[in-house]
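The values are calculated or read from the model by the stated rules, or taken from the named source; none is laboratory data. Note that the structure is a prediction, hence the values are computed from the model and not measured. Glycine gets a Cβ as well: all are built from the backbone with ideal geometry, and neighbour counts include every protein chain shown. For accessibility, only protein heavy atoms count, side chains too; no ligands or nucleic acids. Shrake-Rupley method; radii C 1.70, N 1.55, O 1.52, S 1.80 Å.
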Amino acid sequence: MDKPLLKSHGLELYHAKLEDTELLGAKLSKENLREIRELYKSEPDVLLTDLLSREMSHVVKAQGEVIAICGVDQNGVLWTMFSREIRKHWRSFVKASPALIQFYHNFYPTLYCNVWSENVFVHNWLIHLGFLPDVLLTDANDNTTIHFVRCIQDTISVVSESSRPVMH
């Protein structure tokens with residue numbers, strides 16, 4: 001068995017594999033199913049396979065069960081798809097999320113996220129994680145998404161614990 005990339009609050013993060021997308025596709029949340037069909041005009045198996053091909057694709061597991069697939073594309077856009085089982089593990093997922101975001105910030109100093117305006121639950125989660133709503137986007141079908149952004153501060157601290165002089 002693979003070693004998890006990250007462990008937090010009973011959840012584990014692994015590199016996503018095809019079988020993970022198949023497991024998630026079979027029990028995708030009703031919100032994600034609706035979003036895939038209405039907003040993206042796609043089918044779950046097609047979209048999940050496409051997400052797997054992106055630069056960074058990861059699976060979140062609780063006790064070996066796939067509860068989400070997430071990742072960041074080459075432009076720093078964070079995406080997440082949830083299984084119906086996320087409801088049982090939502091508190092753990094929210095508590096583990098700061099570690100997940102920090103993990104992605106190791107690769108991207110700025111993270112973006114586009115979320116359907118109807119998905120208020122995810123809006124609140126992103127705001128909890130320090131994302132800020134930036135702009136509203138409307139597509140050709142009059143679907144509105146909210147563009148969120150989160151940046152790491154690029155400042156160098158002069159009071160860094162590791163760079164302080166030794167006092168005798």
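With just the Cα atoms defining each centre, how far is region 119-148 from region 35-105? Give it in Å.
Between the Cα centre of region 119-148 and that of region 35-105, the gap is 16 Å.
Leaving out ligands and nucleic acids, and using a 1.4 Å probe, what accessible area per residue does the chain come to in Å²?
Per-residue accessible area for the chain comes out at 60 Å².
Is the shape of region 23-139 rounded, prolate or oblate, going by the alpha carbon gyration tensor and its root eigenvalues a ≥ b ≥ c, with a/c under 1.5 for rounded and a/b larger than b/c for prolate?
Taking the square roots of the gyration eigenvalues as a ≥ b ≥ c, region 23-139 is rounded.
Tell me the relative contact order for region 66-159 as a rounded percent, counting alpha carbon contacts under 8 Å between residues six or more apart.
24 percent
To the nearest µm²/s, what D does Stokes-Einstein give for region 4-92 at 10 °C and 1.306 mPa s, using the Kirkwood radius over alpha carbon pairs as Rh?
122 µm²/s
So for I69, I127, what's the accessible-area order with a 1.4 Å probe, most first?
I127, I69
Which peptide among 60-68, 117-125 comes first, and what is the full order, when sorted by highest mean count of other Cβ atoms within 10 Å?
The most tightly packed comes first, giving 60-68, 117-125.
Using amide H atoms built in the peptide plane, which far-off residues or other-chain residues are under 5 Å from A68 H to H?
For A68, the qualifying residues are V60, S83.
Let me confirm the definition first: pairs of Lys residues in the chain, 8 or more apart or on different chains, C-alpha distance under 13 Å. How many are there?
Final tally of qualifying lysine pairs is 5.
Hydropathy first: keep DSSP H helices in the chain averaging at least -1.0 on Kyte-Doolittle, then drop any whose Cα extent along the axis falls short of 18 Å, and list what survives.
Result, helices passing both filters: 86-105.
Using only the heavy atoms of the protein chains and a 1.4 Å probe, how would R37, R87, R150 rank by accessible area, largest first?
Correct descending sequence by accessible area is R87, R37, R150.
From Cα pairs below 8 angstrom and at least 6 apart in sequence, can you work out the relative contact order of the chain, rounded to a whole percent?
About 18 percent, as a whole number.
Scaled to the compact-protein estimate 2.2 N^0.38 Å, what is the alpha-carbon radius of gyration of region 63-108, rounded to two decimal places?
With N residues counted in region 63-108, Rg over 2.2 N^0.38 Å equals 1.22.
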